[in-house]
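What follows is a short report on a single structure.
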Amino acid sequence: ATTFGPTITSFVQPQPVPSPQDFVLWSFFNAMFCNPFCLGFIALIFSVKSRDRKIAHDPDAAGSYGKTAKHLNIAALCLGTVGTIICIVVLVMYLKSLRAGS
């Protein structure tokens, strides 16, 4: 006679795969308020592509599109900030020269 002991089963829960970021909100902000050379709009396009790939369960493509969107957002934000600062400095200098000339 064969004796069967209690069966022990173990369940190993798989680690969740981190979802790549798509930066849609940052891209939308840059497209609306900080859009030098249309970089914010292009970043928004790549962000939407990244989100679409994420929904289609293609994390490699989603990560690639997300990384491109991130780099475009950084460039748009930097160029927009520098351009705004330059415009303010030029405007202040112009107003000072008008007051000095009066």
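One chain, two ends: I74 and D52. Fully extended at 0.36 nm per residue, the span grows by 5.8 nm beyond their Cα-Cα distance.
Projecting the Cα positions of Y65, S10, C38 onto the charge dipole of the chain (unit charges on Cβ atoms of Lys, Arg, Asp and Glu, taken about the Cα centre) puts C38 furthest along the positive direction. Computed from Cα atoms, the angle from the helix 24-33 axis to the main principal axis of the chain rounds to 10 degrees.
What you get for the chain, charging only the Cβ of Lys and Arg (+1) and of Asp and Glu (-1), is a dipole of about 420 debye around the Cα centre.
Specify the angular offset, from 0 to 90 degrees and rounded to the nearest 10, of the alpha carbon long axis of helix 39-55 from the longest principal axis of the alpha carbons in the chain. That helix lies at roughly 10 degrees to the long axis.
Read-outs: derived from the displayed coordinates by stated rules, not from any lab. Please read all numbers here as calculations on a predicted model, not as lab measurements. No Cβ is skipped: glycine too gets one built from the backbone with ideal geometry, and neighbour counts run over all protein chains shown.
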